[in-house]
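The values are calculated or read from the model by the stated rules, or taken from the named source; none is laboratory data. For clarity, every value in this text was computed on a predicted model and none was experimentally measured. FYI the Cβ positions are ideal-geometry reconstructions off the backbone, even for glycines, and counts take in every protein chain you see.
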Amino acid sequence: MADTKLWKIWVLDFNDEGELIFEKKVVKFDEKFLPVDIDEEHLAQDMSEYLILPTFADLHLHIPQWQFTGIGSGTLLNWLNTYTFPAEKLFEDKTIAYTTARSLLSKLLQTGTTAAVTFVSIHKSAVEEAFYAAKDLNFSLFAGKVLMDQNAPDFLLEDTYKAIEEAAELSEKFGRQHVITPRFAITCSEKLMEKAAFLARKYNLIIQTHMDENVDEIKTTESMYGKPYYKVYEETGLLTPNTLLAHCIHTPKQALETLAKYSSKIVHCPSSNMFLKSGLFNFKTSSNFTTVFIGSDIAGGPNPTMWHTLQQAVYVNKLISQSNEELEVSITELFKSATYKAFEFLGLNEGRIKENFKANFQLVDLRPFEIQLSTLEKLGKLTSQNVLQLLIMNYPLSNPKTFIKGHPLEKA
Ligand code: GUN
Ligand code: FE
């Protein structure tokens, strides 16, 4: 028998119009959120000192890089050679692939992330192990076999046809959970990118890659291909409405217009962009062209929690808007990119406190914030946005507890 709960509790979530609401409500759930009858509301358990809010979807990270998270230095191209490629080679070992995936996904769940779109490594077996770990943990995982056939160490290069054949096998086996993953233009031949785009169309899959992250990466790409970076992806067919382009920090207006034309999406990875000294992303300008999501980019970004990533997004936006207030984005907009919009893109009934949605949520004890909340109330400033900001900027003091399918995490 499902264990049904009826709670009277503060809820911080988006409504069907996409507005952030903060209100005390009666919520009912077992594995899913259920409709509440007016005549049962008085039976609800009083949880007025707590708040629930949705879980996060992290739309860009690399599972093998969890092995060296927080370690490393330099900028993108030397960091890839020094730290990333040797760590990804270790994923030829299935046991390492499973234990690393399980360790990272557990950490993500503990810190409120219940869905993610990730790179794995070139190894087909490692992708399978990641899916098995996700299934064991009830994690909504979208993951891809990394495709590379040039400009990487020999131990990570594959024959173009073999790489595509294995990606097709994974797509057959895991359907939409398998993500078509050409790493970036430097390590992919045009033939590989064309075949990858074809596969994504054939199976209607998400595509993930990197673009315009680092100035040396951009120069190398443009001199290799003799055209702008975005044209390489456009002409090989990789720009689709299901395409996630990580970073896009240095993307010119013409390229943003092209992304808008194909409705391709951007994933903003603020902590990575600082850790690898890549640059500061202009969220406002980019989101005027297309949808922007948020990613931890483990291990370019050293910290897997989306609370931390959102803090970094706030600080990056403060620097970007330092001399032009029009470039400021609200914390609500950033939060929406990491929750509501991301789950909608993934097509999951998850990420909202809403009837029929999976009962995944984060529970926060409001008592440690009694002074701040009562002050906001006295000043007439107890708005949804201020409550959200209080929780984000004070993480980890807010210490949220993750519930998966209606159960606190340790019982999931
Ligand atoms: N560009 C190509 N590969 C990578 C990677 O693993 N991490 C980051 N941050 N950028 C990349
Ligand atoms: Fe990345």
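In this structure, does residue 140 turn out to be surrounded by 18 or more Cβ atoms within 10 Å (Cβ to Cβ), in contact (Cβ under 8 Å) with a residue 40 or more places away in the chain, under 28 Å from residue 342 (Cβ atoms) and among the hydroxyl-bearing types (Ser, Thr, Tyr)? Write out each step before concluding.
Details: surrounded by 18 or more Cβ atoms within 10 Å (Cβ to Cβ): yes; in contact (Cβ under 8 Å) with a residue 40 or more places away in the chain: yes; under 28 Å from residue 342 (Cβ atoms): yes; among the hydroxyl-bearing types (Ser, Thr, Tyr): yes.
Yes.
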Requested in this report: Would you mind telling me which numbered condition in (1) assigned to a helix (DSSP H, G or I); (2) without any contact (Cβ under 8 Å) to a residue 24 or more places away in the chain residue 227 fails?
Outcome: (1)
Report task. Sort out for me the helices (runs of 4 or more DSSP H) sitting completely within region 53-121 that have 1 or more residues that are closer than 22 Å to residue 221 by Cα and within 11 Å of ligand 1 (Cβ to nearest atom). Result -> 76-79, 85-89
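Can you name every residue in region 261-298 that is within 11 Å of ligand 1 (Cβ to nearest atom), farther than 22 Å from residue 55 by Cβ, assigned to a loop (DSSP other than H, G, I, E, B) and not polar (S, T, N, Q)?
276
Report yes if residue 46 is within 24 Å of the chain's Cα centre (by Cα), at pLDDT 95 or above and not in a helix (DSSP H, G or I), otherwise no. Working first, answer last.
Working: within 24 Å of the chain's Cα centre (by Cα): no; at pLDDT 95 or above: yes; not in a helix (DSSP H, G or I): yes.
In short, no.
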Report task. Could you please give the count of residues in region 395-412 that are crowded, with 16+ Cβ neighbours inside 10 Å, free of Cβ contacts under 8 Å to residues at least 60 places away in the same chain and in a loop (DSSP other than H, G, I, E, B)? Result -> 0
Query raised in the report: Which one is farthest from ligand 1 (Cβ to nearest atom) among residues in region 25-52 that are in contact with a strand residue (DSSP E or B) (Cβ under 6 Å, 6 or more places away or on another chain) and acidic (Asp, Glu)?
Result: 41
Query raised in the report: What is the number of the single condition among (1) crowded, with 22+ Cβ neighbours inside 10 Å; (2) within 21 Å of residue 215 (Cβ to Cβ); (3) in contact with a strand residue (DSSP E or B) (Cβ under 8 Å, 6 or more places away or on another chain) that residue 271 does not meet?
Result: (3)
